[in-house]
Amino acid sequence: YDRRRKFLFNSLINLGFDCIEPKGAFYIFPSIKKFGISDTEFAERLLKEEKLAVVPGSAFGDGGEGFIRIAYSTSMENLKEAVIRIEKFINGLK
C-alpha cells in the first residue's frame, strides 16, 4: 500500500491537484476546487466520460465539499490507468 500511496499522491500532485499525503488510510482526498465544478459533478462526469469511479467528498459531510475520495486498494496497473483517465478528464475541463 505504501508504494501505491506514494505513486497516487505524486501523480495527483504532478497533475496539479492540491492534496495532503495520507498517513494511514487506503484512500486519498484531493481538492478539485480549482476545476470550477462541484465534487458531485466531477465524480459523475468522471464516471460517465472516463469510466472511473471516485466518491464525491460531500458524501462525507459538508467539510468534504470540493474534494473527491480515491481508493488505492487496487493494483498498480489499475492505478496507472486511473491516473491516465484522470489526466484526460481534467485536460478536457480546461
Divide by every residue of the chain the summed helix terms, -39500 (n - 2.57) for each DSSP H run of at least 4, and state the resulting mean residue ellipticity at 222 nm, rounded to the nearest 500 deg cm²/dmol.
-15000 deg cm²/dmol
State, as an integer percentage, the relative contact order of the chain based on alpha-carbon contacts under 8 Å between residues 6 or more apart.
28 percent
At 1.4 Å probe radius, can you tell me the per residue accessible area of the chain in Å²?
59 Å²
Within the chain, which is the longest segment that contains none of the chymotrypsin sites (Phe, Trp or Tyr not before Pro) sitting in a DSSP loop with at most 15 other Cβ atoms within 10 Å?
27-94
If R₀ is 25 angstrom, what is the calculated FRET efficiency for the pair LYS88 and LYS34, using the beta carbon separation as r and rounding to 0.05?
0.90
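The values are calculated or read from the model by the stated rules, or taken from the named source; none is laboratory data. Quick caveat, the model's predicted, so the values are computed rather than measured. Cβ coordinates were reconstructed from backbone atoms using ideal geometry, including for glycine residues, and neighbour counts include every protein chain displayed. With ligands, DNA and RNA removed, areas are computed over all heavy atoms of the protein, side chains included. Shrake-Rupley method; radii C 1.70, N 1.55, O 1.52, S 1.80 Å.
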